[in-house]
Amino acid sequence: TCALPICSFGDVFITLGVILLVVSINLANLSGYSYLIPAAGFVLVAEWLVRVRRLALPGIAILLSILFFVSKGVSFDSEQATVLEFAVLALTSLLFYLRYKMPFSLLPLAASLVAMAITLIGFDVLEYPLVFAGFGLLVFAVALWFDAQDTARESHLSDSAFWLYLLASPLIVHGLMVSLLISDQGWVELFSKEALILSFFAGFFLLALLIDRRAMLISTQLYMIYALTQLFKERLTSTQDVMIYVLIVLGLFVIYFGAYWYRTRRLIFGCLSTSSIARYVPDLGIEDTKR
(Lines give C-alpha, C1' and ligand atoms only; values in the text may rest on other atoms or scores of the structure.)
Protein backbone atom coordinates (compact mmCIF):
# COMPACT_ATOMS: atom_id res chain seq x y z
CA THR A 1 0.00 0.00 0.00
CA CYS A 2 1.21 3.46 -0.87
CA ALA A 3 -0.23 6.79 0.23
CA LEU A 4 0.88 8.59 -2.93
CA PRO A 5 -0.84 8.38 -6.35
CA ILE A 6 2.42 7.17 -7.93
CA CYS A 7 4.42 4.56 -6.02
CA SER A 8 6.65 3.27 -8.81
CA PHE A 9 7.18 3.42 -12.53
CA GLY A 10 5.09 0.26 -12.69
CA ASP A 11 2.05 2.35 -11.80
CA VAL A 12 2.76 4.67 -14.73
CA PHE A 13 3.26 1.68 -17.03
CA ILE A 14 -0.07 0.12 -16.01
CA THR A 15 -1.84 3.46 -16.39
CA LEU A 16 -0.43 3.80 -19.90
CA GLY A 17 -1.89 0.37 -20.67
CA VAL A 18 -5.31 1.48 -19.42
CA ILE A 19 -5.16 4.58 -21.62
CA LEU A 20 -4.21 2.51 -24.68
CA LEU A 21 -7.15 0.18 -24.00
CA VAL A 22 -9.57 3.10 -23.78
CA VAL A 23 -8.30 4.63 -27.02
CA SER A 24 -8.45 1.33 -28.90
CA ILE A 25 -11.96 0.49 -27.64
CA ASN A 26 -13.21 3.96 -28.51
CA LEU A 27 -11.90 3.52 -32.06
CA ALA A 28 -14.03 0.37 -32.40
CA ASN A 29 -17.09 2.59 -33.07
CA LEU A 30 -19.40 1.03 -30.51
CA SER A 31 -22.84 2.52 -30.07
CA GLY A 32 -25.54 2.86 -27.44
CA TYR A 33 -25.52 0.51 -24.50
CA SER A 34 -22.67 -1.52 -26.02
CA TYR A 35 -20.34 1.01 -24.36
CA LEU A 36 -21.37 -0.47 -21.03
CA ILE A 37 -19.53 -3.69 -21.91
CA PRO A 38 -16.03 -2.15 -21.70
CA ALA A 39 -17.21 -0.25 -18.61
CA ALA A 40 -18.04 -3.58 -16.97
CA GLY A 41 -14.70 -4.94 -18.13
CA PHE A 42 -12.85 -2.13 -16.39
CA VAL A 43 -14.82 -2.87 -13.22
CA LEU A 44 -13.33 -6.37 -13.29
CA VAL A 45 -9.87 -4.87 -13.79
CA ALA A 46 -10.53 -2.60 -10.79
CA GLU A 47 -11.23 -5.65 -8.64
CA TRP A 48 -7.65 -6.76 -9.24
CA LEU A 49 -5.68 -3.52 -9.49
CA VAL A 50 -7.61 -1.34 -7.05
CA ARG A 51 -9.24 -3.67 -4.51
CA VAL A 52 -6.45 -6.25 -4.30
CA ARG A 53 -3.27 -4.39 -5.24
CA ARG A 54 -4.41 -0.93 -4.08
CA LEU A 55 -2.78 0.91 -6.98
CA ALA A 56 -3.79 4.58 -6.84
CA LEU A 57 -2.78 6.02 -10.22
CA PRO A 58 -4.11 3.07 -12.26
CA GLY A 59 -7.24 3.25 -10.11
CA ILE A 60 -7.76 6.88 -11.12
CA ALA A 61 -7.34 5.97 -14.79
CA ILE A 62 -9.74 3.03 -14.43
CA LEU A 63 -12.45 5.13 -12.79
CA LEU A 64 -12.15 7.83 -15.46
CA SER A 65 -12.37 5.11 -18.11
CA ILE A 66 -15.52 3.67 -16.54
CA LEU A 67 -17.09 7.13 -16.34
CA PHE A 68 -16.14 7.80 -19.97
CA PHE A 69 -17.81 4.65 -21.28
CA VAL A 70 -20.82 5.03 -19.01
CA SER A 71 -21.34 8.60 -20.28
CA LYS A 72 -21.19 7.37 -23.89
CA GLY A 73 -23.45 4.40 -23.22
CA VAL A 74 -26.17 6.11 -21.20
CA SER A 75 -28.40 8.61 -22.97
CA PHE A 76 -31.95 9.69 -22.26
CA ASP A 77 -34.45 11.12 -24.71
CA SER A 78 -36.07 13.69 -22.48
CA GLU A 79 -35.76 17.30 -21.43
CA GLN A 80 -34.02 16.16 -18.26
CA ALA A 81 -31.41 14.10 -20.13
CA THR A 82 -28.43 16.12 -18.95
CA VAL A 83 -29.50 15.96 -15.31
CA LEU A 84 -30.04 12.19 -15.50
CA GLU A 85 -26.67 11.66 -17.14
CA PHE A 86 -24.91 13.63 -14.40
CA ALA A 87 -26.88 11.62 -11.83
CA VAL A 88 -25.66 8.35 -13.39
CA LEU A 89 -22.05 9.57 -13.31
CA ALA A 90 -22.45 10.63 -9.68
CA LEU A 91 -23.94 7.25 -8.75
CA THR A 92 -21.14 5.42 -10.58
CA SER A 93 -18.50 7.42 -8.70
CA LEU A 94 -20.28 6.83 -5.39
CA LEU A 95 -20.45 3.06 -5.94
CA PHE A 96 -16.76 3.04 -6.88
CA TYR A 97 -15.93 4.90 -3.66
CA LEU A 98 -18.03 2.59 -1.49
CA ARG A 99 -16.53 -0.50 -3.09
CA TYR A 100 -12.86 0.48 -3.25
CA LYS A 101 -12.57 3.39 -0.77
CA MET A 102 -10.49 5.21 -3.39
CA PRO A 103 -10.35 8.89 -2.33
CA PHE A 104 -10.19 10.24 -5.90
CA SER A 105 -13.71 8.91 -6.49
CA LEU A 106 -15.11 11.81 -4.50
CA LEU A 107 -13.81 14.34 -7.03
CA PRO A 108 -15.95 13.17 -10.00
CA LEU A 109 -18.80 12.46 -7.55
CA ALA A 110 -18.80 16.03 -6.24
CA ALA A 111 -18.22 17.50 -9.72
CA SER A 112 -21.18 15.56 -11.12
CA LEU A 113 -23.44 16.69 -8.27
CA VAL A 114 -22.40 20.32 -8.75
CA ALA A 115 -22.97 20.10 -12.51
CA MET A 116 -26.36 18.48 -11.92
CA ALA A 117 -27.37 21.21 -9.46
CA ILE A 118 -26.25 23.98 -11.82
CA THR A 119 -28.27 22.39 -14.62
CA LEU A 120 -31.35 22.19 -12.39
CA ILE A 121 -31.07 25.85 -11.43
CA GLY A 122 -32.17 26.72 -14.91
CA PHE A 123 -30.65 30.18 -15.39
CA ASP A 124 -27.37 31.28 -16.91
CA VAL A 125 -24.92 30.86 -14.04
CA LEU A 126 -22.24 32.66 -16.04
CA GLU A 127 -24.13 35.86 -15.28
CA TYR A 128 -24.14 34.98 -11.57
CA PRO A 129 -20.61 33.71 -10.80
CA LEU A 130 -21.27 33.74 -7.06
CA VAL A 131 -23.27 30.54 -7.65
CA PHE A 132 -19.96 28.77 -8.33
CA ALA A 133 -18.56 30.14 -5.09
CA GLY A 134 -21.61 28.89 -3.21
CA PHE A 135 -21.19 25.34 -4.51
CA GLY A 136 -17.47 25.59 -3.85
CA LEU A 137 -18.15 26.44 -0.20
CA LEU A 138 -20.45 23.41 0.10
CA VAL A 139 -17.74 21.10 -1.28
CA PHE A 140 -15.20 22.83 0.96
CA ALA A 141 -17.38 22.18 4.03
CA VAL A 142 -17.55 18.46 3.18
CA ALA A 143 -13.76 18.39 2.75
CA LEU A 144 -13.34 20.04 6.15
CA TRP A 145 -15.55 17.36 7.68
CA PHE A 146 -13.35 14.60 6.23
CA ASP A 147 -10.24 16.39 7.46
CA ALA A 148 -11.66 16.81 10.97
CA GLN A 149 -12.15 13.04 11.21
CA ASP A 150 -8.45 12.44 10.56
CA THR A 151 -6.32 15.35 11.71
CA ALA A 152 -3.28 13.06 11.91
CA ARG A 153 -3.59 12.40 8.16
CA GLU A 154 -3.31 8.62 8.53
CA SER A 155 -6.35 7.23 6.70
CA HIS A 156 -8.20 7.52 3.41
CA LEU A 157 -10.42 10.21 4.95
CA SER A 158 -7.75 12.91 4.71
CA ASP A 159 -6.92 11.80 1.17
CA SER A 160 -10.61 12.14 0.33
CA ALA A 161 -10.53 15.69 1.66
CA PHE A 162 -7.49 16.43 -0.53
CA TRP A 163 -9.38 15.70 -3.77
CA LEU A 164 -12.41 17.67 -2.62
CA TYR A 165 -10.22 20.69 -1.93
CA LEU A 166 -8.91 20.47 -5.50
CA LEU A 167 -12.48 20.97 -6.72
CA ALA A 168 -13.71 23.41 -4.07
CA SER A 169 -10.84 25.89 -4.35
CA PRO A 170 -11.19 26.76 -8.07
CA LEU A 171 -14.96 27.04 -7.69
CA ILE A 172 -14.63 29.47 -4.80
CA VAL A 173 -11.87 31.51 -6.40
CA HIS A 174 -13.56 31.58 -9.81
CA GLY A 175 -16.88 32.72 -8.39
CA LEU A 176 -15.44 35.46 -6.21
CA MET A 177 -12.75 36.68 -8.61
CA VAL A 178 -15.08 37.00 -11.57
CA SER A 179 -17.60 38.78 -9.35
CA LEU A 180 -14.96 41.27 -8.22
CA LEU A 181 -13.38 41.85 -11.62
CA ILE A 182 -16.60 42.48 -13.52
CA SER A 183 -18.79 43.83 -10.76
CA ASP A 184 -20.19 47.34 -10.90
CA GLN A 185 -21.73 47.15 -7.45
CA GLY A 186 -21.31 50.20 -5.25
CA TRP A 187 -19.75 48.31 -2.35
CA VAL A 188 -16.98 47.03 -4.65
CA GLU A 189 -16.18 50.54 -5.86
CA LEU A 190 -16.26 51.77 -2.26
CA PHE A 191 -13.25 49.66 -1.29
CA SER A 192 -11.54 49.37 -4.71
CA LYS A 193 -11.08 46.10 -6.55
CA GLU A 194 -7.34 46.04 -5.89
CA ALA A 195 -7.77 46.03 -2.12
CA LEU A 196 -10.53 43.40 -2.26
CA ILE A 197 -8.56 41.06 -4.53
CA LEU A 198 -5.40 41.27 -2.44
CA SER A 199 -7.42 40.83 0.76
CA PHE A 200 -9.16 37.79 -0.67
CA PHE A 201 -5.93 36.05 -1.67
CA ALA A 202 -4.35 36.88 1.69
CA GLY A 203 -7.35 35.40 3.50
CA PHE A 204 -7.41 32.38 1.20
CA PHE A 205 -3.74 31.73 1.86
CA LEU A 206 -4.20 32.03 5.64
CA LEU A 207 -7.09 29.56 5.51
CA ALA A 208 -5.00 27.07 3.51
CA LEU A 209 -2.17 27.54 6.01
CA LEU A 210 -4.45 26.97 9.00
CA ILE A 211 -5.91 23.70 7.72
CA ASP A 212 -2.53 22.68 6.26
CA ARG A 213 -3.64 22.26 2.65
CA ARG A 214 -1.22 23.52 0.03
CA ALA A 215 -3.39 21.77 -2.55
CA MET A 216 -5.83 24.68 -2.23
CA LEU A 217 -3.17 27.05 -3.51
CA ILE A 218 -1.88 24.73 -6.22
CA SER A 219 -5.34 24.30 -7.72
CA THR A 220 -5.87 28.08 -7.95
CA GLN A 221 -2.54 29.23 -9.40
CA LEU A 222 -3.99 30.11 -12.82
CA TYR A 223 -6.68 32.24 -11.22
CA MET A 224 -4.07 33.99 -9.12
CA ILE A 225 -1.98 34.78 -12.20
CA TYR A 226 -5.02 36.08 -14.08
CA ALA A 227 -6.31 38.20 -11.19
CA LEU A 228 -2.91 39.70 -10.41
CA THR A 229 -2.34 40.42 -14.10
CA GLN A 230 -5.63 42.29 -14.27
CA LEU A 231 -4.80 44.07 -11.04
CA PHE A 232 -1.47 45.50 -12.20
CA LYS A 233 -2.19 45.81 -15.93
CA GLU A 234 -2.88 49.54 -15.79
CA ARG A 235 0.10 50.29 -13.56
CA LEU A 236 2.82 48.88 -15.82
CA THR A 237 3.85 49.71 -19.36
CA SER A 238 2.83 46.52 -21.12
CA THR A 239 1.18 43.12 -20.69
CA GLN A 240 4.59 41.47 -20.95
CA ASP A 241 5.85 43.54 -18.01
CA VAL A 242 2.79 42.50 -16.01
CA MET A 243 3.37 38.79 -16.62
CA ILE A 244 7.06 39.07 -15.76
CA TYR A 245 6.41 40.69 -12.40
CA VAL A 246 3.48 38.43 -11.54
CA LEU A 247 5.43 35.26 -12.33
CA ILE A 248 8.46 36.51 -10.38
CA VAL A 249 6.32 37.22 -7.32
CA LEU A 250 4.52 33.88 -7.53
CA GLY A 251 7.78 32.02 -8.09
CA LEU A 252 9.32 33.55 -4.96
CA PHE A 253 6.09 32.87 -3.07
CA VAL A 254 6.09 29.17 -4.00
CA ILE A 255 9.78 28.70 -3.19
CA TYR A 256 9.57 30.40 0.19
CA PHE A 257 6.46 28.69 1.44
CA GLY A 258 7.55 25.37 -0.02
CA ALA A 259 10.59 25.57 2.26
CA TYR A 260 9.04 27.28 5.31
CA TRP A 261 5.39 26.23 5.21
CA TYR A 262 5.29 24.58 8.65
CA ARG A 263 7.52 27.18 10.28
CA THR A 264 5.22 29.92 9.01
CA ARG A 265 2.18 27.93 10.13
CA ARG A 266 3.53 27.61 13.66
CA LEU A 267 4.51 31.26 13.75
CA ILE A 268 1.08 32.56 12.71
CA PHE A 269 -1.24 29.99 14.28
CA GLY A 270 0.82 28.54 17.12
CA CYS A 271 -1.19 30.65 19.55
CA LEU A 272 -4.27 28.61 18.63
CA SER A 273 -2.73 25.27 19.62
CA THR A 274 -4.74 25.17 22.86
CA SER A 275 -7.97 26.56 21.41
CA SER A 276 -11.05 24.63 20.27
CA ILE A 277 -10.01 25.16 16.63
CA ALA A 278 -6.95 22.94 17.21
CA ARG A 279 -9.21 19.90 17.55
CA TYR A 280 -10.26 20.16 13.91
CA VAL A 281 -6.91 20.86 12.20
CA PRO A 282 -3.55 19.09 12.13
CA ASP A 283 -1.26 19.77 15.09
CA LEU A 284 -0.14 23.39 14.91
CA GLY A 285 3.23 22.55 16.42
CA ILE A 286 4.44 19.65 14.29
CA GLU A 287 7.15 19.81 11.65
CA ASP A 288 5.48 17.87 8.87
CA THR A 289 2.27 16.23 7.67
CA LYS A 290 1.31 14.20 4.65
CA ARG A 291 0.14 17.17 2.63
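The values are calculated or read from the model by the stated rules, or taken from the named source; none is laboratory data. Quick caveat: nothing in here was measured; it's all calculated off a predicted structure. Backbone-built Cβ (ideal geometry, glycine too); neighbour counts: all protein chains shown. For the accessible areas, the whole protein counts, side chains as well, though only heavy atoms, and no ligand, DNA or RNA atoms are used. Shrake-Rupley method; radii C 1.70, N 1.55, O 1.52, S 1.80 Å.
So Ser105 fits all but one of (1) farther than 30 Å from Leu196 by Cα; (2) open to solvent by 10 Å² or more (accessible area, probe 1.4 Å); (3) in a helix (DSSP H, G or I); what number is the exception?
(2)
Can you find a residue that is open to solvent by less than 60 Å² (accessible area, probe 1.4 Å) and either of a type in the set (D, E, K, R) or modelled with pLDDT of 90 or more (or both) anywhere in segment 118-131?
No; the residues of segment 118-131 include none that is open to solvent by less than 60 Å² (accessible area, probe 1.4 Å) and either of a type in the set (D, E, K, R) or modelled with pLDDT of 90 or more (or both).
What tally of residues in segment 198-217 results from selecting those that are under 16 Å from Phe162 (Cα atoms), open to solvent by 40 Å² or more (accessible area, probe 1.4 Å) and part of a helix (DSSP H, G or I)?
Result for segment 198-217: 1.
If I ask for residues that are among the aromatic types (Phe, Trp, Tyr) and open to solvent by 40 Å² or more (accessible area, probe 1.4 Å), which ones from segment 142-173 would you list? Write out each step before concluding.
Initially, segment 142-173 is screened for residues among the aromatic types (Phe, Trp, Tyr), giving 145-146, 162-163, 165.
Answer for segment 142-173, where residues must be among the aromatic types (Phe, Trp, Tyr) and open to solvent by 40 Å² or more (accessible area, probe 1.4 Å): Trp145, Trp163.
Could you please tell me which pairs satisfy a Cβ distance under 9 Å, a separation of 6+ or placement on different chains, a first residue in segment 25-40 that is under 13 Å from Val70 (Cβ atoms), and a second residue that is in a loop (DSSP other than H, G, I, E, B)?
Matching pairs, first to second residue: Gly32/Ser75; Tyr33/Val74; Tyr35/Val74; Leu36/Val74; Ile37/Leu30; Pro38/Ala28; Pro38/Leu30.
Listed here are the residues, each with its yes/no results for (1) under 22 Å from Trp163 (Cα atoms); (2) surrounded by fewer than 20 Cβ atoms within 10 Å (Cβ to Cβ); (3) hydrophobic (A, V, I, L, M, F, W, C); (4) modelled with pLDDT of 85 or more.
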{"site": "Ile6", "(1), (2), (3), (4)": "yes, yes, yes, no"}
{"site": "Leu20", "(1), (2), (3), (4)": "no, yes, yes, yes"}
{"site": "Val23", "(1), (2), (3), (4)": "no, yes, yes, yes"}
{"site": "Ile66", "(1), (2), (3), (4)": "yes, no, yes, yes"}
{"site": "Leu84", "(1), (2), (3), (4)": "no, yes, yes, yes"}
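Report, ordered by the first and then the second residue, all pairs with beta carbons closer than 6 Å, sequence separation of six or more or different chains, a first member in segment 122-151 that is under 16 Å from Leu164 (Cα atoms), and a second member that is open to solvent by less than 20 Å² (accessible area, probe 1.4 Å) and of a type in the set (Phe, Trp, Tyr).
Every condition considered, the pairs that remain are Ala143/Tyr165.
Residues in segment 40-63 that are part of a helix (DSSP H, G or I) and crowded, with 16+ Cβ neighbours inside 10 Å: how many?
Qualifying residue count, segment 40-63: 14.
Going through segment 273-287 one residue at a time, which ones are assigned to a loop (DSSP other than H, G, I, E, B) and either modelled with pLDDT of 85 or more or surrounded by 10 or more Cβ atoms within 10 Å (Cβ to Cβ) (or both)?
Within segment 273-287, Ser273, Ser275, Tyr280, Val281, Pro282, Asp283, Leu284, Gly285, Ile286 qualify.
Across segment 233-257, what is the number of residues that are at pLDDT 70 or above and either surrounded by 13 or more Cβ atoms within 10 Å (Cβ to Cβ) or not in a helix (DSSP H, G or I) (or both)?
7
Identify, by number, the condition in (1) at pLDDT below 80; (2) under 30 Å from Tyr97 (Cβ atoms); (3) surrounded by fewer than 15 Cβ atoms within 10 Å (Cβ to Cβ) that Thr220 doesn't meet.
Thr220 satisfies every listed condition except (3).
Taking Leu95 and the conditions (1) within 24 Å of the chain's Cα centre (by Cα); (2) buried (at least 21 other Cβ atoms within 10 Å of the Cβ), which numbered condition does it fall short on, given that it satisfies the others?
So the condition that Leu95 fails would be (2).
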